[in-house]
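Heads up: the structure comes next, in structure tokens.
Nothing in this text is a laboratory measurement; each read-out follows from the coordinates by a stated rule. Quantities reported herein were computed from a predicted structural model and do not represent experimental measurements. Here the Cβ positions follow ideal geometry from the backbone for every residue, glycine too, while neighbour counts run over all protein chains shown.
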Amino acid sequence: MLGFGSLSRKVFATPNDRKVKSVRPIVAQINALEPEFQALTDEGIIAKTHEFQKRVQEGGESLDSILPEAFANCREGARRALGLRAFDVQLKGAMFLHQGNISEMKTGEGKTLVAAFAAYLNALTGKGVHVVTVNDYLARRDSEWMGKVYAQLGMTTGVVYSHQPDDEKMAAYRADITYATNNELGFDYLRDNMKGSLEDMAQRGHAYAIVDEVDSILIDEARTPLIISGPSQDRSPLYTAVDAVIPHLQPDHYAVDEKTRSVTLTEEGNDAIEALLHEAGILPEGQNLYAAESTTIVHHVNQALRAHRLFFKDQQYIVRDGEVMLIDEFTGRMMKGRRLSDGLHQAIEAKEGVKINPENVTYASVTFQNYFRLYDKLGGMTGTAATEAEEFREIYGLGVVEVPTNRVVARLDEHDQVFRSAREKYDGILKAIKEAHENGQPILVGTTSIEKSEQLS
């Protein structure tokens, strides 16, 4: 017997099914136009693009009304450039992207090609489209791969990457469709805000963006701040002087909170540090540690205390070639070029007796959440968005549409297993590893930290 929920879904269909159904007539229109576009020469396909641009930019025609012809042209362009004819489900995914939704498509359903349709259609306005990927490799790969399709259609493609010469970057942003990573787009936006004239700005506006792995960029990393900073005045002698005082403090002079990664001085600690600072000549005679003019010294004391009591060599950092290098607690890799802010890195350099590099001052900063809300229209793609649908709607006004697969999924997607304790969970993992090993299957075990990887191994 069917439950009421499943029965009503069968009769009335889910809101998602209704959305997918609503674009069927447009897909039928595109399919009906196929023979007409197949008959065009290569020059004819480019001429069609110019015709669409004219109709949109000069005739004021809406993108929705031009969509069936534009998609038919793009499908033919992709077939000639790459030998790939887009499936109906891919056209549906591209329509949802164009409407400013997130298309949730399973892995292997061809999201890269789907993005090309929505990018082509929206680029007809002449305002530029940004396709956002998670790393430089994907930005370059996708721009070269899909660039063949855009060239077949008479459009230009640009790619933005880190440490790119300015003139090349300018040209990339002037292209019809620009591929870039979320980091690079954010930093270019900050750099533009620091430029003295409009002609020097790289980005030419934020009309439409398609974000790949949208859950990772817009939810997981949403609050990550991008910061552009520069050196401030050199205060190395003060760091060294304060660092020499800290080892004289006793354990009852401070309280360490491992959870919040903070160290605070106790009443006795305040008296002891004040006496030590007077003795060392850092704090002038008769001046109180908490007087307004001692603010800088208090800051240096707090950071030196954190450097000594919370950061340990060969755990949170290593010293290599006279440089303090941070270690990523999740991967165990060295984070070259990454520095702790607010004078903490300098305090660690003083503690280790290496060259103290000047502190940095923030010139400009933005979070991914605030940056991507600048776009007039946003679309996204991922294999897993339904779980965060509520957040996408509240923060970005984005709907999530699950696009059906082209064929029925043959892969078995097992449910998650939940255990009461870590011990039981590890036993479960070991059992699964043993079974896979006996079947001759290679197995990859992903954990969240080095500690857990070592425990399991």
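Please state the equivalent ellipsoid semi-axes for region 187-280: what are the square roots of 5 times the Cα gyration tensor eigenvalues, largest first, in whole Å?
Working: eigenvalues 426, 99, 14 Å².
Value: 46, 22, 8 Å, ordered largest first.
Divide by every residue of the chain the summed helix terms, -39500 (n - 2.57) for each DSSP H run of at least 4, and state the resulting mean residue ellipticity at 222 nm, rounded to the nearest 500 deg cm²/dmol.
Working: 17 runs with 207 residues, N = 457.
When only DSSP H runs of four or more count, the value is -14000 deg cm²/dmol.
Test of the criteria: in region 187-235, which trypsin sites (Lys or Arg not before Pro) are in a DSSP loop and have at most 10 other Cβ atoms within 10 angstrom of their Cβ? Write down the numbers at each step before the final one.
Numbers: sites: Arg191, Lys195, Arg204, Arg223, Arg235; in loops: Lys195, Arg204, Arg223, Arg235.
In loop regions of region 187-235 (DSSP not H, G, I, E or B), the sparsely surrounded trypsin sites (Lys or Arg not before Pro) are Arg223.
Would you pull out the residues with amide H under 5 Å of Val400's amide H, same chain only if 5 or more places away, H placed 1.01 Å from N?
It is Ile102, by chain and number.
If you take the square roots of the eigenvalues of the alpha-carbon gyration tensor of region 217-336 and sort them as a ≥ b ≥ c, do you get rounded (a/c under 1.5), prolate (a/b over b/c) or oblate? Don't jump to the answer; show the numbers that get you there.
Numbers: a/c = 1.84, a/b = 1.73, b/c = 1.07.
Prolate, because a/c is 1.5 or more and a/b exceeds b/c.
Count neighbours as other Cβ atoms within 10 Å of each site's Cβ, and list the trypsin sites (Lys or Arg not before Pro) in region 14-94 that are DSSP loop with at most 13 such neighbours.
Numbers: sites: Arg18, Lys19, Lys21, Lys48, Lys54, Arg55, Arg75, Arg79, Arg80, Arg85, Lys92; in loops: Arg85.
Listed in order of number, the matching sites are Arg85.
May I ask which of Lys19/Lys377; Lys148/Lys195; Lys19/Lys148 have a Cα-Cα span longer than 22 Å here?
Details: Lys19/Lys377 19 Å; Lys148/Lys195 34 Å; Lys19/Lys148 32 Å.
Beyond 22 Å: Lys148/Lys195; Lys19/Lys148.
Note down the magnitude of the dipole of region 274-399 about its Cα centre, charges +1 on Lys and Arg C-beta and -1 on Asp and Glu C-beta and zero elsewhere, to the nearest 20 debye. The partial results should precede the final answer.
Working: 13 positive and 18 negative charges, 88 e Å.
So the dipole magnitude of region 274-399 works out to roughly 420 debye.
Residue by residue through region 394-404, what is 3J(HN,Hα) from phi via Karplus (6.51 cos²θ - 1.76 cosθ + 1.60, θ = phi - 60°)? Round to whole Hz and write x for glycine and proline.
5, 7, 10, x, 9, x, 10, 10, 7, 8, x
Which trypsin sites (Lys or Arg not before Pro) in region 408-444 pass both tests, a DSSP loop state and at most 16 other beta-carbon atoms within 10 Å?
Numbers: sites: Arg411, Arg420, Arg423, Lys425, Lys431, Lys434; in loops: Arg411, Arg420.
Those satisfying the criteria are Arg411, Arg420.
Under the Karplus relation 6.51 cos²θ - 1.76 cosθ + 1.60, θ = phi - 60°, what is the ordered set of whole-Hz ³J(HN,Hα) values for region 71-87, x standing for Gly and Pro?
In residue order, the calculated couplings are 5, 5, 5, 5, 4, 5, x, 5, 5, 6, 6, 10, x, 10, 9, 4, 6 Hz.
Using every pair of alpha-carbon atoms in region 125-243, split the distances into 5 Å bins beginning at 0 and state the percent of pairs per bin, rounded to integers.
Calculated over all Cα pairs of region 125-243, the distribution is 2, 10, 18, 20, 17, 11, 6, 5, 4, 3, 2, 1, 0, 0 percent.
Each residue of region 409-423 in order: what ³J(HN,Hα) in whole Hz does its phi give by Karplus 6.51 cos²θ - 1.76 cosθ + 1.60, θ = phi - 60°, with x for Gly and Pro?
Those phi angles translate into 5, 8, 6, 8, 9, 6, 6, 5, 10, 10, 10, 6, 9, 5, 4 Hz.
Given charges of +1 on the Cβ of Lys and Arg and -1 on the Cβ of Asp and Glu, with all other atoms neutral, how large is the dipole of the chain about its Cα centre, in debye to the nearest 20? Don't skip to the answer; put the middle values down first.
Values: 50 positive and 67 negative charges, 391 e Å.
It works out to roughly 1880 debye.
If you take the charge dipole of the chain about its Cα centre, with +1 on Lys and Arg Cβ and -1 on Asp and Glu Cβ, which of Ala222, Asn302, Gly322 is farthest toward its positive end?
Ala222
Long-range amide H contacts for Thr156: which residues qualify at under 5 Å (H placed 1.01 Å from N, peptide plane, sequence gap of 5 or more or a different chain)?
Counting only residues 5 or more places away or on other chains, the set is Asp176, Ile177.
Kindly give the semi-axes, whole Å and largest first, of the ellipsoid equivalent to the chain, taking each as the square root of 5 times a Cα gyration tensor eigenvalue.
Working: eigenvalues 560, 189, 76 Å².
Those come to 53, 31, 20 Å.
Shape call for region 322-457 from the C-alpha gyration tensor, a ≥ b ≥ c root eigenvalues: rounded (a/c under 1.5), prolate (a/b greater than b/c) or oblate?
Working: a/c = 2.94, a/b = 1.25, b/c = 2.36.
It comes out oblate by the Cα gyration axes.
Could you give the longest part of the chain that holds none of the GluC sites (Glu not before Pro) found in DSSP loops with at most 13 neighbouring Cβ atoms within 10 Å? Don't skip to the end; give the middle numbers.
Numbers: sites that count: Glu58, Glu258, Glu285, Glu329, Glu414.
Answer - 59-257.
Pull up the cross-link candidates among the lysines for Lys351, meaning alpha carbon to alpha carbon under 26 Å and not fewer than 8 places away within one chain.
Cross-link targets: Lys259, Lys313, Lys336.
For region 94-146, what Kirkwood radius comes out of the mean inverse Cα-Cα distance, in Å?
Radius from the Kirkwood sum: 11.9 Å.
Could you name the aspartates and glutamates whose alpha carbon sits less than 14 Å from that of Lys92, not counting residues in the same chain fewer than 8 places away?
Asp17, Asp64, Glu104, Glu109, Glu402
Return the whole-Å distance between the Cα centroid of region 21-93 and the Cα centroid of region 347-370.
That distance is 51 Å.
Can you list residues whose amide H is under 5 Å from Val324's amide H, if they're 5+ apart or on another chain and H is modeled 1.01 Å from N?
For Val324, no residues qualify.
Straight-line reach from Lys425: which aspartates and glutamates have Cα under 15 Å away, leaving out those fewer than 8 places along the same chain?
Result set, ordered by chain and number: Asp416.
What is the Cα radius of gyration of region 289-395 over 2.2 N^0.38 Å, N being its residue count?
Details: Rg = 19.9 Å, N = 107, 2.2 N^0.38 = 13.0 Å.
Ratio of Cα Rg to 2.2 N^0.38 Å: 1.53.
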